[in-house]
Structures are given as structure tokens and as C-alpha cells.
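Student: Structure in C-alpha cells, see below.
The values are calculated or read from the model by the stated rules, or taken from the named source; none is laboratory data. The shown structure was predicted, so the numbers you read here are calculated from the model rather than taken from an experiment. Neighbour counts are summed over all protein chains in view; Cβ atoms, including those assigned to glycine, are modelled from backbone coordinates with ideal geometry. To get the accessible areas, we keep the full protein, side chains included, count just its heavy atoms, and leave off ligands, DNA and RNA. Shrake-Rupley method; radii C 1.70, N 1.55, O 1.52, S 1.80 Å.
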Amino acid sequence: KTAELQLEFDRNNLHALINNTKDLMWSVDKKFKLITSNQPFDEAMVLMSGRMVAKGETILDTDFSSKQIDRFKLSYQRAFAGESFTEIEYNSIPSEYWSEISYCPIRNGKEVIGVACHSRDITQLKLNEKIIKDERILLRTLIDNLPAIIYTKDIYSKKTLSNFADYTRLGAKSEEEILGKDDSHF
């Protein structure tokens, strides 16, 4: 009776853990059949493929493109071979988003019997990275096009930034030629 109560507690604990996140969590066996999933995963499958995948059904029998299915198969097969890894995935259906997907082998002793997966939405992070990159490009363009000499140095007086006016004044063809050097080199 104690073992049954512990098993029920473990089931309830696992259910609470995997459903206490907006991240997608699921696992598949070596035939790509769904072992378990959380509610966010189930909802995402309906949104992406138009239907829910029931436990015991193959996860790859959905309306994903053949290219997506091939990518997922390769990822699952890497995990079936014993590798734990994380990939960044871009999708534009049903809307543009980025995911960070982790794959971890499920073992029974030394044998891999399935794959546990975790996916989190990193769309806002990727959009922020693009904004920062665009702002850096804009700032760099502005700095390079100013007629004033602009540079920065570290605590050892080595150049860490040099605009066009500065590095051409020193006879360099590019900023890279003077970065990390002090004025005594010129």
C-alpha cells in the first residue's frame, strides 16, 4: 500500500512539475510515439498542426512540412544515440517565433528508450538581439561618419574603439589595425 501511495504521489508530482510552466515539455519513445506531454505542448500541437497528439500516437504524423519532420527525426535520432543537446529553431507558422529545444535521452540502464524534450520560446530574446545589432550598426555608422576623431581606450591605454577619422589619421587602413595598441605604435 505504501508503494502504491508513493507511486501516486510521484505521478501527481511529475504532473504538477511539467504543467507549472509555459514551456513545452514532452517525451517520445524510439518509434517517435508520444509518452507524455504537458498542457502547453498539447496546446501548441493543436495550434501548429490542427490536432492534438494523443499519448501512444506518433508525434511525426502531423501537418508539419516534410522538411520539419526530417529535422525533428534527425534531432530525435541524435538523442536516441545517447547525445544530450540544445538547438535553436525558427518557425514562421502559424506566426514568426524562435524556440530553444533541448533533447535528453531517457535511459533504462545503459539502453536509451526514449527522449525527453523541453522547448522554450525565445522570440523576444531574438528580436531584442536584432534591435541591439541594428542599433550598434547605426551607432557605428554615425561614429565613422563624424569628422571628429573619436576613440576609446582601456585602462592600459590600448585602443578599444577608433572611428574612421582616427585610424586614417594614424595611417591605418582599418580600425582592426590599431585596436589593442597604444599611441606609441604610431
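Student: Sorted by accessible area (1.4 Å probe), largest first, how do 31, 73 line up? Before the final figure, lay out the partial values.
Tutor: Numbers: 31 145, 73 75 Å².
The most accessible residue leads, giving 31, 73.
Student: If you count only protein heavy atoms and use a 1.4 Å probe, how large is the accessible surface of residue 186, to the nearest 10 Å²?
Tutor: 100 Å²
Student: If you take the square roots of the eigenvalues of the alpha-carbon gyration tensor of the chain and sort them as a ≥ b ≥ c, do you get rounded (a/c under 1.5), prolate (a/b over b/c) or oblate?
Tutor: Numbers: a/c = 3.18, a/b = 2.62, b/c = 1.21.
Note, shape of the chain comes out prolate.
Student: Additional query: Sorting 52, 25, 45 by accessible area (1.4 Å probe), largest first, what list results?
Tutor: Details: 52 110, 25 55, 45 5 Å².
Largest to smallest exposure gives the sequence 52, 25, 45.
Student: What does the C-alpha gyration tensor say about the overall shape of segment 84-131? Classify as rounded when a/c is under 1.5, otherwise prolate if a/b is larger than b/c, or oblate.
Tutor: Numbers: a/c = 4.81, a/b = 2.76, b/c = 1.74.
Verdict is prolate for segment 84-131.
Student: Using 0.36 nm per residue, how much length does the chain from residue 8 to residue 148 gain when fully extended, once their Cα-Cα distance is taken away? Present the calculation step by step, with values, prior to reporting the outcome.
Tutor: Numbers: separation 140, 0.36 × 140 = 50.40 nm, distance 7.23 nm.
Extending this stretch completely gives an extra 43.2 nm.
Student: Could you give the size of the charge dipole of segment 1-109 about its Cα centre, using +1 on the Cβ of each K and R and -1 on the Cβ of each D and E, expressed in debye and rounded to the nearest 20? Could the numbers behind the result be given before it?
Tutor: Numbers: 13 positive and 16 negative charges, 74 e Å.
Approximately 360 debye in magnitude.
Student: Next question, about the same structure. Order the following by accessible area, largest value first: 133, 158. Probe radius 1.4 Å; ligands, DNA and RNA are ignored. Intermediate values should be presented prior to the final figure.
Tutor: Details: 133 130, 158 60 Å².
Solvent-accessible surface, decreasing: 133, 158.
Student: What shape does segment 1-59 take by its C-alpha gyration tensor, where a ≥ b ≥ c are the square roots of the eigenvalues and a/c under 1.5 counts as rounded, a/b above b/c as prolate, and the rest as oblate?
Tutor: Values: a/c = 3.09, a/b = 1.68, b/c = 1.83.
Because a/c hits 1.5 or more and a/b fails to exceed b/c, segment 1-59 counts as oblate.
Student: Please enumerate, by chain and number, the lysines with C-alpha under 29 Å from the C-alpha of residue 126, excluding those fewer than 8 residues away in the same chain.
Tutor: The reachable lysines, counting only those whose Cα sits under 29 Å from residue 126, are 22, 67, 73.
Student: Got a number for the accessible area of residue 15? Probe 1.4 Å, square angstrom, nearest 10.
Tutor: 120 Å²
Student: Next up: Please list, in order, the residues from segment 7-45 whose amide nitrogen is less than 20 Å from a point placed 7 Å along the Cα→Cβ vector of residue 108.
Tutor: 7-8, 11, 26-37
Student: Next question. Please report the net charge: other residues with Cβ closer than 14 Å to the Cβ of residue 102, K and R +1, D and E -1.
Tutor: Numbers: positive: 78, 120; negative: 23, 83, 87, 89, 100, 121.
After counting each charged neighbour, the total is -4.
Student: Another one. How much length would be gained if the chain were fully extended between residue 138 and residue 157, taking 0.36 nm per residue of separation minus their Cα-Cα distance, in nm to one decimal?
Tutor: Numbers: separation 19, 0.36 × 19 = 6.84 nm, distance 2.62 nm.
The span from residue 138 to residue 157 would gain 4.2 nm if fully extended.
Student: Counting only heavy atoms of the protein chains, get the accessible area per residue of the chain (1.4 Å probe) and round it to a whole Å² value. Could you put the intermediate results ahead of the total?
Tutor: Numbers: 12370 Å² over 186 residues.
Accessible area per residue, the chain: 67 Å².
Student: For the chain, with only Lys/Arg (+1) and Asp/Glu (-1) charged at the beta-carbon, what is the dipole magnitude about the Cα centre, in debye rounded to 20?
Tutor: Numbers: 26 positive and 29 negative charges, 64 e Å.
The dipole of the chain has a size of about 300 debye.
Student: Now, a different point. Quantify, in whole percent, the carbon and sulfur part of the accessible surface of segment 1-131 (1.4 Å probe; protein heavy atoms only). Walk me through the numbers on the way to the answer.
Tutor: On the way: 4640 of 8380 Å².
After summing per-atom areas, the C and S share lands at 55 percent.
Student: At what distance in nm do the modelled label points of residue 52 and residue 185 sit from each other, each positioned 7 Å from its Cα along Cα→Cβ?
Tutor: 6.4 nm
Student: Now for a separate question. Ordered by packing density, taken as the mean number of other Cβ atoms within 10 Å over each peptide's residues, highest first, how do 75-84, 169-178 rank? It would help to have the intermediate numbers written out before the result.
Tutor: Values: 75-84: 15.3, 169-178: 13.7.
So the order, starting with the most tightly packed, is 75-84, 169-178.
Student: So what's the projected area for segment 47-100, the Cα convex hull averaged over all directions, in nm²?
Tutor: Working: hull surface 17.1 nm².
In nm², the orientation-averaged hull projection of segment 47-100 is 4.3.
Student: What 222 nm value per residue comes from the helices of the chain, counting each DSSP H run with n ≥ 4 as -39,500 (n - 2.57) and dividing by all residues, nearest 500 deg cm²/dmol?
Tutor: Values: 5 runs with 72 residues, N = 186.
Value at 222 nm, helices only: -12500 deg cm²/dmol.
Student: Taking R0 as 30 Å, what's the FRET efficiency between residue 15 and residue 129 from their Cβ-Cβ distance, rounded to 0.05? Walk me through the numbers before you get to the answer.
Tutor: Working: r = 35 Å, r/R0 = 1.16.
With R0 = 30 Å, the Cβ-Cβ based efficiency is 0.30.
Student: Kindly rank 125-131, 98-104 from highest to lowest mean number of other beta carbons found within 10 Å of each residue.
Tutor: Numbers: 125-131: 12.1, 98-104: 17.4.
In decreasing order of mean packing, 125-131, 98-104 become 98-104, 125-131.
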